[in-house]
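Just so it is clear, none of the values below were taken in a lab; they were calculated from the coordinates. In this text the structure is predicted, and so the values were computed from the model without any measurement. Glycine also receives a Cβ, built like all others from the backbone with ideal geometry; neighbour counts cover every protein chain displayed.
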């Protein structure tokens, strides 16, 4: 299984290059990603580049 954090790093390195380092996480992008999370900066970079907008937990997103 690949986590959201791992995939963010994998994809950003593919997009921006192996040596890319994102700006430090600000902690105001996603409520469930604290700045202390190991991939927070990578996940926030996804939002900055409009690769993701996140998803809503209210209402929960379920596949039927």
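Could you order peptides 35-45, 18-28 by the average number of other Cβ atoms within 10 Å of their residues, highest first? Could the numbers behind the result be given before it?
Values: 35-45: 18.4, 18-28: 11.5.
Ranked from most to least packed, the peptides come out as 35-45, 18-28.
Here the scattering of the range 1-53 is modelled by Debye summation over its C-alpha atoms, one equal scatterer each and no solvent; at q = 0.14, 0.21, 0.27, 0.29 Å⁻¹ the log10 of I(q)/I(0) is -0.30, -0.70, -1.14, -1.28. Grab the beta carbon distance between residue 11 and residue 37, set R0 = 22 Å, and tell me the FRET efficiency rounded to 0.05. That gives a FRET efficiency of 0.85.
Can you put 1, 7, 12 in order of Cβ neighbours within 10 angstrom, beginning with the fewest?
Working: 1 3, 7 14, 12 21.
Least crowded to most crowded, the residues run 1, 7, 12.
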